[in-house]
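Here is the structure we will look at, set down as structure tokens.
The values are calculated or read from the model by the stated rules, or taken from the named source; none is laboratory data. Everything quoted here is computed from the prediction, not taken from an experiment. Don't worry about glycine lacking a Cβ; one is built from the backbone with ideal geometry, like all the others, and counts go over all protein chains shown. These accessible areas exclude ligands, DNA and RNA; they are computed on the full protein's heavy atoms, side chains included. Shrake-Rupley method; radii C 1.70, N 1.55, O 1.52, S 1.80 Å.
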Amino acid sequence: MSDDVYTQEITRASRLIEAGQDERASQILTRLLASHPSNAGATYMALAYAYSGAGRLEDAETAARRAIAELPHASEAHQLLAYALVHQDREAEAERPLRTALELSPENDSPFYLMATALTRMERTEEALLYAREALRLAPESADNHAVLAAALRSSDPEAANLSLQEALRLDPRCEDALLLQFDMLNRGVNPREAAKALAAYTAHAPNPARASTAVNSFLIKFMSVPHVGQFWCALLAVTLLVPVRLANLPNGILLLPLVLTATLTCWATITRIQTFHLYFRGRCLRMLRACIRQHRYLALWGVAVPMLWIGFVIGVIRAMQGDDVVLVSVAGASLAHLALGWAGILLAPLLQRRSS
């Protein structure tokens with residue numbers, strides 16, 4: 001294949017990558033590797049871009065390593081490897097290629113941005129701030145650099161983080177990192193409507209299906225945890241009230257208060273989240289819920305126990321009002337254990353999935 005044909009094909013692949021047609025681009029680039037091995041370094045770099053855009057991060061990592069083998073002094077190849085590693089949650093491994101990229105191109109903001117991202121994920125926020133600010137100095141009009149600064153500031157200075165986030169969205173309302181950070185910050189709050197709105201904005205522009213799926217799952221897991229948290233407070237309040245009721249001979253009817261209060265608030269919170277989710281994801285709710293359960297199968301088992309435990313609380317309160325506390329105390333203990341196991345599953349599932357992969 002002549003150089004002119006190679007240039008035409010690599011340009012065509014690059015345009016497909018820009019258009020989001022990463023799989024088609026990767027097919028063209030794979031053919032170029034076989035037909036034009038003398039340009040393997042550049043082809044592998046383009047292939048790493050295509051695989052990253054398609055969410056094939058392990059393939060992107062392999063392509064980037066081969067690009068480095070062909071072009072060891074190409075900063076871009078080291079950045080592509082770091083990107084693939086960071087987005088596989090292997091931030092510590094990404095440090096070495098990032099430091100190499102910084103040495104090769106100290107005036108390029110991209111490796112500073114990636115280093116800030118990796119360090120923020122590793123909770124090394126003071127170091128992350130240094131790299132984020134340097135990235136912003138080199139490219140002050142980059143929305144991504146404002147977004148990574150906001151992420152680094154989130155825990156130490158929420159107000160400054162919000163200002164950086166708003167500046168990122170002003171510069172680029174479709175900035176993926178800024179939209180994801182905005183959703184994450186709102187999802188940690190108590191306003192499900194704003195969180196769902198931010199999630200809808202992010203998923204509408206997210207080029208990476210895997211990251212979008214993770215964001216949707218985090219919203220749904222928090223939604224499904226609402227009745228479990230309600231159980232926790234019901235158990236805590238019921239057992240706490242049981243002591244003075246028995247010791248001070250207070251009316252047994254007081255035991256109804258925690259059940260009525262927590263059940264009412266839990267129903268209100270659950271219905272609000274269902275309505276909000278349906279509002280912003282009309283026609284996709286069940287499909288997204290099924291996809292979440294497929295990835296987190298323990299949630300189905302965790303959720304099945306919820307109505308049984310609430311029924312147990314009702315029976316336990318009735319029995320306690322009749323003088324028998326065994327059922328209420330037993331259900332409260334089971335509820336606390338159920339909540340602990342569920343949250344342990346949520347925390348451990350990503351680790352187990354990475355080890356399995």
Select, from 25, 69, the only residue that is farther than 18 Å from residue 100 by Cα and part of a helix (DSSP H, G or I). 25
Report, by residue number, each residue of the range 93-125 that is touching a Leu at 6+ places or on another chain (Cβ under 8 Å), in a helix (DSSP H, G or I) and not aliphatic (A, V, I, L, M). 93, 97, 109, 111, 112, 125
With the structure loaded, tell me whether residue 51 is in contact with a Lys or Arg (Cβ under 6 Å, 6 or more places away or on another chain), in a helix (DSSP H, G or I) and more than 16 Å from residue 114 (Cβ to Cβ) or whether it fails that test. no
Pairs needed: first member in the range 186-205, over 18 Å from residue 282 (Cβ atoms) and touching a residue at least 40 places away in the same chain (Cβ under 8 Å); second member anywhere, of a type in the set (Val, Ile, Thr) and open to solvent by 70 Å² or more (accessible area, probe 1.4 Å); C-beta distance under 6 Å; at least 6 residues apart or different chains. none
Residues of the range 56-66 being open to solvent by less than 30 Å² (accessible area, probe 1.4 Å) and either touching a Gly at 6+ places or on another chain (Cβ under 9 Å) or not in a helix (DSSP H, G or I) (or both), in sequence order, are 60
Residues of the range 263-277 satisfying the condition of being under 14 Å from residue 231 (Cα atoms) and open to solvent by less than 90 Å² (accessible area, probe 1.4 Å): 263, 264, 266, 267, 269, 270
Residues being open to solvent by 40 Å² or more (accessible area, probe 1.4 Å) and in contact (Cβ under 8 Å) with a residue 40 or more places away in the chain: count how many of those fall in the range 285-303. 3
Looking at 317, 260, can you tell me which residue is open to solvent by 70 Å² or more (accessible area, probe 1.4 Å), closer than 30 Å to residue 242 by Cβ and of a type outside the set (Asp, Glu)? 260
Examine the range 233-254 for a residue that is under 30 Å from residue 89 (Cα atoms) and in contact (Cβ under 8 Å) with a residue 40 or more places away in the chain, and state whether such a residue exists. no
For residue 282: the one exception among (1) in a helix (DSSP H, G or I); (2) at pLDDT 85 or above; (3) open to solvent by 30 Å² or more (accessible area, probe 1.4 Å): (1)
Kindly provide the set of residues from the range 116-135 that are crowded, with 23+ Cβ neighbours inside 10 Å and under 17 Å from residue 106 (Cβ atoms), ordered by number. 116, 131, 132, 135
Restricting attention to the range 198-211, which residues are modelled with pLDDT under 85 and either touching a Ser or Thr at 6+ places or on another chain (Cβ under 8 Å) or not small (Gly, Ala, Ser) (or both)? 205, 207, 208, 209, 211
Could you figure out which of (1) closer than 29 Å to residue 205 by Cβ; (2) open to solvent by 30 Å² or more (accessible area, probe 1.4 Å); (3) among the small types (Gly, Ala, Ser) isn't true of residue 34? (1)
Of all helices (runs of 4 or more DSSP H) completely enclosed by the range 136-252, which ones contain at least 1 residues that are farther than 22 Å from residue 289 by Cβ and of a type in the set (Phe, Trp, Tyr)? 209-247
Quick count over the range 138-155, residues being closer than 21 Å to residue 106 by Cβ, in contact with a helix residue (DSSP H, G or I) (Cβ under 8 Å, 6 or more places away or on another chain) and surrounded by fewer than 24 Cβ atoms within 10 Å (Cβ to Cβ), is 5
